[in-house]
Each structure stands twice: as structure tokens, then as C-alpha cells.
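I have placed the structure first, in the form of C-alpha cells, so that the comments after it can refer back to it.
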């Protein structure tokens, strides 16, 4: 079974992505780090229920060691938006044909294996989640992030093949919905200032 781990907002420029999220949610993001293998950097936001949100973009000061980026960022353009969701899974190899091979990564005290297609793209345009497995002893990022009072209540994943993809996702989470339509996401949060939505 999968367990929702976090949500990713993609941007062509990290600060633009951070500014957009902060303007929509009314909260401040925290520093993340860099991912030299894929030439990216991120900032993070703590959510309720052990979740977090990351804003990720290609780092202009970093050349990807892998020769390509990840999370579909080599093809990403336009305004910042929710572009990916990441789930924990025990058996990453079982989904290699869909989500790509697992790669071992490290950033500071964080150690994890994560699935990345060979071209760095996103399976089904992101509708099928990126899968990861935190290494034993690694403290989940959400535990060190300040709590914002924001709680994810709904993640709508839209795709022309929504029904087919939904059948492949081993997840029992009432917050996750698949909807037939154009490729996209809509994340709804509840917090001290009411309902907030990121598309």
C-alpha cells in the first residue's frame, strides 16, 4: 500500500514558486536544500497529519549530475502550480515499469530511495505518484518543520486516464480523488483563515 508523503509545487524559478504559495496560503515557507544529482533546489512547508509541501525548481547554479532533472522539470513551463504528489511505499521495484527505477539520495541527515524515470519525467503527467522509501533511522522532514495550522483535506488529480490510473494506485486515502479531465491538480487546505486552494 501507498501512504501520502508530500505534495510538490513546481516552478521555473524557486522564488516565484515560493511567492505564489505564500500569497495563496498566507504562510511562510522554510529553507529546504539542493539536489545535485538532478540540479534542483526547494523550500518546504509543514502541514498537519505528518505531511509537508515542497516548492521545487531547477537551480541555475547547479548542473544536474544525472544529465537531466526530475519531477518533469526539464519540460515544465508556465506559472507555478501543483505538479506532483509523492507517496511512501515499501516495494519500489514492484512499480518500476510505471514509475521508473529507484535512486538512492541523501541531503544532510535525510536518506531516501525515490523512483525517477530514465528521462526525469512524470508518469502519466504526474497523476501516478512518485514513490519513495525513507531510510531506516531517517527523521521525516515534517517533524522538523514549523506547523502552519494548514491541513490537507482534498487532493483532486485530473487526467484523461483517471480511472485507469486510479486502479493502479494502491492507496486508501479519502483525501485523494481522481477525476477525468485535463492533466492537473487541485489541493484544498483548511486552516486558521479558512479554506485555501492551490491548483
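The values are calculated or read from the model by the stated rules, or taken from the named source; none is laboratory data. For clarity, every value in this text was computed on a predicted model and none was experimentally measured. In this analysis, Cβ positions are derived from the backbone assuming ideal geometry, glycine residues included, and neighbour counts consider all displayed protein chains.
Laid out as a table, the results:
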item	result
Selection from segment 70-85 of residues that are surrounded by fewer than 19 Cβ atoms within 10 Å (Cβ to Cβ) and assigned to a strand (DSSP E or B)	81
Residue list for segment 27-47, restricted to those being over 16 Å from residue 11 (Cβ atoms) and out of contact with any strand residue (DSSP E or B) (no Cβ under 7 Å at 6 or more places or on another chain)	28, 36
Residue pairs meeting the criteria (Cβ under 6 Å; at least 6 apart or on separate chains; first over 20 Å from residue 73 (Cβ atoms), in segment 84-109; second modelled with pLDDT of 95 or more and in a loop (DSSP other than H, G, I, E, B))	89/2
Options 67, 33, 50; residue that is part of a loop (DSSP other than H, G, I, E, B) and more than 17 Å from residue 150 (Cβ to Cβ)	67
Residue in segment 12-26 that is part of a loop (DSSP other than H, G, I, E, B), in contact with a helix residue (DSSP H, G or I) (Cβ under 8 Å, 6 or more places away or on another chain) and at pLDDT 95 or above present	no
Close pairs (8 angstrom Cβ cut-off, 6 or more residues apart or separate chains): touching a residue at least 40 places away in the same chain (Cβ under 8 Å) in segment 121-142, surrounded by 22 or more Cβ atoms within 10 Å (Cβ to Cβ) and assigned to a helix (DSSP H, G or I) anywhere	128/99; 129/99; 130/99; 131/99
So residue 122, is it touching a strand residue (DSSP E or B) at 6+ places or on another chain (Cβ under 7 Å), over 23 Å from residue 1 (Cα atoms), crowded, with 19+ Cβ neighbours inside 10 Å and at pLDDT 95 or above	no
Some residue of segment 112-122 being in contact with a helix residue (DSSP H, G or I) (Cβ under 7 Å, 6 or more places away or on another chain) and in a helix (DSSP H, G or I)	no
Criterion: crowded, with 20+ Cβ neighbours inside 10 Å and without any contact (Cβ under 8 Å) to a residue 40 or more places away in the chain - qualifying residue of 32, 17	32
Residues of segment 168-190 that turn out to be touching a strand residue (DSSP E or B) at 6+ places or on another chain (Cβ under 7 Å) and either under 18 Å from residue 5 (Cβ atoms) or assigned to a strand (DSSP E or B) (or both), as a count	14
Among (1) outside any helix (DSSP H, G or I); (2) in contact (Cβ under 8 Å) with a residue 60 or more places away in the chain; (3) surrounded by fewer than 21 Cβ atoms within 10 Å (Cβ to Cβ) - the single one residue 61 does not satisfy	(2)
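So that you can scan it fast, the table gives a plain yes or no per residue for (1) crowded, with 21+ Cβ neighbours inside 10 Å; (2) farther than 24 Å from residue 30 by Cβ; (3) out of contact with any helix residue (DSSP H, G or I) (no Cβ under 8 Å at 6 or more places or on another chain); (4) modelled with pLDDT under 95:
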| position | (1), (2), (3), (4) |
| --- | --- |
| 110 | no, no, no, yes |
| 128 | yes, yes, no, no |
| 134 | no, no, yes, no |
| 159 | yes, yes, no, no |
